[in-house]
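Bear in mind these aren't lab numbers, they're just calculated from the coordinates by the rules spelled out. Everything numeric here is computed off the predicted structure, so don't read it as measured data. Here the Cβ positions follow ideal geometry from the backbone for every residue, glycine too, while neighbour counts run over all protein chains shown.
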Amino acid sequence: MKVSGFAIARNVIKADYPIKESLLSIAPLCDEIIVAVGKSDDGTRDLIESLPIENLKIIDTVWDDNLRIGGLVLSDETNKALAAVSKESDWCFYIQADECIHEDDLPIIKDSMKLNLTNYNVDGLLFNYKHFYGSYDYLGDSRKWYRNEIRIIRNNGKIKSWKDAQGFRTIQNEKLKVKKIEASIYHYGWVKSPEFQQVKQKQFHKLWHDDEKLSNYVSEGAEFDYSSIDSLQIFNGTHPKLMLYRIANVNWKFTFDISKKKFTLKGWFLYYFEKYFSIRIGEYKNYKII
């Protein structure tokens, strides 16, 4: 069984993305890792090139600003990286610049790929998500956070990154048939200093909205306001070892009273229904679990 990792990157240093940790976290499972590096002005390419990853391959790209609205440029870049993986690979492992795999989950992921290797009815593997917010001590637990997403796909030339690159579909725009596995993606996109988070928000929303509408989504201040979140819970688990240096060097403080929820009446009902029954009413799923 051969596995290719793939990812995209552009100006990740400016917004303090943990891409080093992201790529290193999947490296033990990958025979190669392809990174499509967009033209950057902060040393992103040098950072990627310096990583101690065997068979790391960089593709230099220029992001198409004509695909800016709706985040389509993200799937366009992801598909460039996907197209460059070895034809000999059986699986492709996608990781975003703010995601990380826990070392404890590596055996589960490897076994799941082996188990489904010859089951060609399976297009991909579906992961759980842990969305950290504000600091490494809190998890987002409301309906605004997606619970699952595809991160491993079969390398058959029939699958593409879709829309804003959160998920995948077939080239005919059909949902993938997936197996859900008991492994998690640790998502750290909302764990940055307020200054870096504000930079990230400006970068991100430029991929979704034109300049005239940008101010509607990003405040003019120098720091991001974390206090508007609707609901959080305490994280009682362990982080990937690769993240421990970052966690030990946090230079900001964030605290939140988890007893305070900012829901409408309907929101309260849906929140506690999900907590009690583990069912999310009306959940959007860009995949078919088999």
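Descriptive notes on the structure:
- If you bin all the Cα-Cα distances of the chain at 5 Å, starting from zero, the percentages per bin are 1, 5, 11, 16, 18, 18, 15, 10, 5, 1, 0.
- This model, with +1 at the C-beta of Lys and Arg and -1 at the C-beta of Asp and Glu, gives the chain a dipole about its Cα centre of some 1080 debye.
- Shape category assigned to the stretch 230-290 from the gyration tensor of Cα positions, a/c cut at 1.5: oblate
- Per-bin percent of Cα-Cα distances, the stretch 36-88 [5 Å]: 4, 17, 24, 23, 19, 9, 4, 0
- Largest-first principal axis extents, alpha carbons of the stretch 16-147, Å: 41, 40, 31
- Rel. contact order, % - alpha carbon contacts under 8 angstrom, at least six apart, the chain: 21 percent
- Candidate aspartates and glutamates for bridging to Lys179, where Cα separation is under 15 Å - those fewer than 8 sequence places away on the same chain excluded: Asp111, Asp123, Glu149
- GNM result for the chain, Cα springs below 10 Å: residue of Ile185, Ile279, Ile19 fluctuating most strongly: Ile279
- Relative to one another, the C-alpha centroids of the stretch 1-76 and the stretch 80-128 are positioned 16 Å apart.
- Counting only DSSP H runs of at least 4 residues, each contributing -39500 (n - 2.57), and dividing by the residue count of the chain, the helix-based mean residue ellipticity at 222 nm comes to -6500 deg cm²/dmol.
- For the stretch 94-187: rounded, prolate or oblate by the Cα gyration tensor [a/c cutoff 1.5]: oblate
- Cα-based reach from Lys175 at 25 Å (exclusive), listing lysines while leaving out same-chain residues under 8 positions away: Lys2, Lys80, Lys87, Lys110, Lys114, Lys130, Lys144, Lys158, Lys160, Lys163, Lys285, Lys288
- Once exposed loop GluC sites (Glu not before Pro) are cut out (DSSP; at most 16 other Cβ, 10 Å), longest piece of the chain: 89-173
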